[in-house]
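Report on one structure; see the data block that follows.
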Amino acid sequence: MPLPPMGVNWLGLWTLYLKEVRRFLNVYTQTVAAPVVTTFLFLAVFSLALGRGAEIVDGVPYSQFLAPGLVMMAMTQNAFANTSSSLVISKVQGNIVDLLMPPLSAGEVTLALTAAGITRGLLVGLVTGLAMVPFVRLAPQHIGFILFHALAACTMLSLLGLVGGLWSEKFDHMNAIASFIISRSPFCRAPSIRSRACRRRGSSWPISTRSSICWMGSATASSAMPTAI
């Protein structure tokens with residue numbers, strides 16, 4: 001005889017969400033502070049290496065053009081890392097049963113893990129953006145669009161992290177996805193913008209991209225800068 005349908009286990013969902021949030025906050029130097037430092041290194045390297053040759057990009061300073069994309073990159077990478085690492089660590093350590101045994105449906109587990117990944121991504125983005133303020137003139141033009149694209153990107157990468165975590169049997173599998181797919185996708189934004197700039201000048205540029213992360217980065221930059229990209 002089938003069991004009667006049950007409602008959403010909000011208490012269990014909230015408990016799992018808090019557990020995942022506390023998991024990455026307990027090592028905040030690795031999960032929050034380290035991405036900020038990495039983003040600043042990217043900003044310094046790109047500004048020093050490329051900024052002199054392109055001080056103004058579409059009417060804005062090069063560092064101001066670069067900053068929103070770097071913030072988006074940090075957000076997406078950390079949203080992916082939070083959900084994928086949670087599943088892989090549980091499988092490697094053999095405590096995945098602690099996630100499967102509680103009275104939580106697949107949808108509730110997915111929602112809790114995804115929400116925790118979104119939380120980490122948004123937190124990293126907020127801290128990184130605030131840390132950049134003394135060095136880069138950030139002038140957000142459309143706060144609503146920035147929040148929408150940030151939330152959409154973190155949601156997409158959190159769900160992708162779940163897929164990667166379910167597929168990965170060891171850390172090498174997860175690192176392969178993060179290194180060859182997640183870390184490379186945000187850099188597609190530069191060729192995409194360069195392509196449009198070249199077309200306006202009547203020249204050709206053979207590189208094009210249809211990366212969803214690329215368009216998220218471009219949309220965030222467009223919302224954060226006075227001149228639309």
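Here are the numbers:
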quantity: ³J(HN,Hα) computed for each position of the range 122-139 - Karplus, 6.51 cos²θ - 1.76 cosθ + 1.60, integer Hz, glycine/proline x; calculated: 5, 5, 5, x, 5, 5, 5, x, 5, 5, 7, 3, x, 10, 10, 7, 9, 10
quantity: Least to most buried among Lys19, Lys170 (fewest other Cβ within 10 Å first); calculated: Lys170, Lys19
quantity: Sites Phe135 and Phe171, calculated FRET efficiency, Cβ-Cβ separation with R0 41 Å, nearest 0.05; calculated: 0.75
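Where a number appears in this text, it was derived from the coordinates with a stated rule and is not lab data. None of these values were measured; they are calculated from a predicted model. Positions of Cβ are generated from backbone atoms using ideal geometry, with glycine treated the same way; all protein chains shown enter the neighbour counts.
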